[in-house]
1. Which of the residues spanning the range 184-229 are in contact with a helix residue (DSSP H, G or I) (Cβ under 8 Å, 6 or more places away or on another chain), in a helix (DSSP H, G or I) and in contact (Cβ under 8 Å) with a residue 60 or more places away in the chain?
2. Name the residue, out of 154, 177, that is surrounded by 17 or more Cβ atoms within 10 Å (Cβ to Cβ) and in a helix (DSSP H, G or I).
3. Can you go through 199, 188 and tell me which one is more than 12 Å from residue 18 (Cβ to Cβ) and either touching a strand residue (DSSP E or B) at 6+ places or on another chain (Cβ under 9 Å) or buried (at least 19 other Cβ atoms within 10 Å of the Cβ) (or both)?
4. State which residue is surrounded by the most Cβ atoms within 10 Å (Cβ to Cβ) when the search covers only the range 269-284 and only residues that are touching a helix residue (DSSP H, G or I) at 6+ places or on another chain (Cβ under 8 Å) and within 18 Å of residue 245 (Cβ to Cβ).
5. Name the residue that is nearest to residue 180 (Cα to Cα), counting only residues in the range 60-69 that are buried (at least 20 other Cβ atoms within 10 Å of the Cβ) and more than 15 Å from the chain's Cα centre (by Cα).
6. Can you find a residue in the range 129-136 that is assigned to a loop (DSSP other than H, G, I, E, B) and either surrounded by 15 or more Cβ atoms within 10 Å (Cβ to Cβ) or over 15 Å from the mean Cα position of the chain (by Cα) (or both)?
7. Could you list, in sequence order, the residues of the range 249-272 that are within 36 Å of the chain's Cα centre (by Cα), more than 13 Å from residue 283 (Cα to Cα) and in a helix (DSSP H, G or I)?
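No lab work stands behind these numbers, since they all come straight from the coordinates. Predicted model, so just to flag it, every value in this text is computed and none were measured. Quick reminder, even Gly has a Cβ in these numbers, built from the backbone with ideal geometry, and neighbours come from all protein chains shown.
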């Protein structure tokens, strides 16, 4: 194992590590583009790792045949801001790709055509494919012309053998199956590490990500466990944020002298909780 790789293992995800491979990326690109890419088709991985001056990082990006700059992102929780995030990614890639002095020269700069794909493995019932646009976030009227656009292709790859992309790409199918197997093991009552180990054993026996899992067994266990612990933490923070938002609303209603029973009914707090908040903030 490379020393640098070992040192970064907790910063990677299984998705990023698994698809950080030229052969798999060509296979995925072929599935997305509806064609086969040969060995002679050049592919260069250019994933943003962050620097001292810029902390912009993405999951996977690669330059295909010098003409297409492809960004792949993985999500286990849907995020409507992906188009804006991808704008950051492409700006950072182009900043690194193009010397600053060329921007002030008259000769036109030839750019690789960018494209953006999100692969979702969460539990929400979302469409198999859809498109997210940067312009959806604009504050605008219907008559205003869109002058800057960025589109992201969303792919729901939560495991279902009938999904078109999973049928076209063995790599995406296998990754989706592996994640789904872990989820089912946890739902069946297994502890998380045990669920990961059992999913790995099953997949190796059935030739699903076998070589990758055999080569990176310890790293995969550590990364999945770390990533899901982080997800649990983020969800707890989000829930705490909802609580704080509800508290602010309760306090505002108390300042407006609404009846305590009404405040409790609207906020879904208990009457005792509403009274406690009111006394804490000298509103009762």
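1. 212, 219, 220, 223, 224, 227, listed by residue number.
2. None of the other options fit; the residue is 177.
3. Numbers: 188 fails: either touching a strand residue (DSSP E or B) at 6+ places or on another chain (Cβ under 9 Å) or buried (at least 19 other Cβ atoms within 10 Å of the Cβ) (or both).
Criteria check complete, one pass: 199.
4. 274
5. Ranking the qualifying residues of the range 60-69, first place goes to 62.
6. no
7. Across the range 249-272, the qualifying residues are 249, 266, 267.
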